1. Which of the DSSP-defined H helices in the chain satisfy a minimum axial length of 18 Å, computed from C-alpha atoms, and a minimum mean Kyte-Doolittle hydropathy of -0.5?
2. Set the Förster radius R0 to 30 Å, insert the Cβ-Cβ distance between LYS144 and TYR71 as r into 1/(1 + (r/R0)^6), and round the FRET efficiency to 0.05.
3. Between THR189 and LYS214, what's the calculated FRET efficiency when r is the beta-carbon distance and R0 is 30 Å? Round to 0.05.
4. Could you work out how much longer the chain between LEU207 and THR15 gets when fully extended? Use 0.36 nm per residue separation minus the Cα distance between them, nm to one decimal.
5. So who's got an amide H within less than 5 Å of the one on LYS144, skipping anything under 5 residues away but keeping other chains? H placed 1.01 Å off N, in plane.
6. Quick check: Cα centre of segment 168-197 to Cα centre of segment 88-127, how many Å?
7. Can you flag which of LYS60/LYS149; LYS40/LYS219; LYS117/LYS228; LYS87/LYS198; LYS114/LYS144; LYS105/LYS149 are past 26 Å Cα-Cα?
8. Could you tell me whether segment 78-212 comes out rounded, prolate or oblate from its Cα gyration tensor? Rule is a ≥ b ≥ c as square roots of the eigenvalues, rounded for a/c under 1.5, then prolate if a/b exceeds b/c, otherwise oblate.
Amino acid sequence: EIKERKAPKPCPRTTRVMEGVIAMLKEMNGISPTEELVWKGAKVRKGITTSQKFSAFTWKTLHDGQKIGRYWLDMGESTIAERGLCKQCPWEPTEPMEHIMTQCKATGQKLIWKFAKRLWRKTGLEWIMPTMGMILGIHLAEVKGSEGKKLDGRTRLLQIIISEFAYLIWLVWNEWKIEKEQDERRRHTANEIEAGWKVAITKRLRLDWVLTNKYAHGKLALRWGVVKRTW
């Protein structure tokens, strides 16, 4: 007799992250999505809103699969374990993803989110400081008007801003951690960070314009109205 295999239970950290994502989406959208919907949304790029790289980042982070913090500390060897420590932030030495995205002094996150807020405020809508749950669940987040109706263009813009800026923080962290070897003298400057977000957003804007070309993309082309409402 062949016994059915039970699906492996998610690790506690994955469960906590998922709970945070669902709680955030309930607060923003008014309803709680299922875990299945969160996983599916993280894997499937809908409407070419989030980049493939960000989708991969989200999927891996939800699975607690990034090589950060505890990943290195659990190896035991002192030379390797040092990779899991944040030398800039002694109050959070184990460096979880939430720290990298919303707290760390070395990732430029504070300045990057400041630029994101400045960009979003041009819409006239309230800015909500991103949490880890918001970042990982942004593909399902909705922006609603005063009457509670979903604003498609603004929803798409918020998804682009959060995903692009979060991924920029991830890139800055990787450069700081690996290429710059956490050398205080080589920390990213404000000008470098500002140039980084401008490049990221400009690329996304240009990509949207390119994707409206029906001759090149056929049925997969973005509708002009979608792009206009977004930007």
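Rule-based calculations on the coordinates, nothing more; no lab input. Model, not experiment: these values are computed from the prediction. With ideal geometry, Cβ positions are generated from the backbone for all residues, glycine too; neighbour counts draw on all protein chains shown.
1. Numbers: long enough: 12-29 (25 Å, -0.14); 152-174 (33 Å, 0.61); 190-211 (32 Å, 0.02).
Membrane-span-like by this criterion, though nothing is claimed about a membrane: 12-29, 152-174, 190-211.
2. Details: r = 38 Å, r/R0 = 1.26.
Plugging the Cβ-Cβ distance into 1/(1 + (r/R0)^6) gives 0.20.
3. Values: r = 42 Å, r/R0 = 1.41.
Given R0 = 30 Å and the Cβ-Cβ separation, E is 0.10.
4. On the way: separation 192, 0.36 × 192 = 69.12 nm, distance 3.51 nm.
Here the segment from LEU207 to THR15 would lengthen by 65.6 nm.
5. LEU151
6. Segment 168-197 and segment 88-127 have Cα centres separated by 13 Å.
7. On the way: LYS60/LYS149 32 Å; LYS40/LYS219 23 Å; LYS117/LYS228 20 Å; LYS87/LYS198 28 Å; LYS114/LYS144 22 Å; LYS105/LYS149 38 Å.
Long pairs (Cα-Cα over 26 Å): LYS60/LYS149; LYS87/LYS198; LYS105/LYS149.
8. Prolate, since a/c reaches 1.5 and a/b exceeds b/c.
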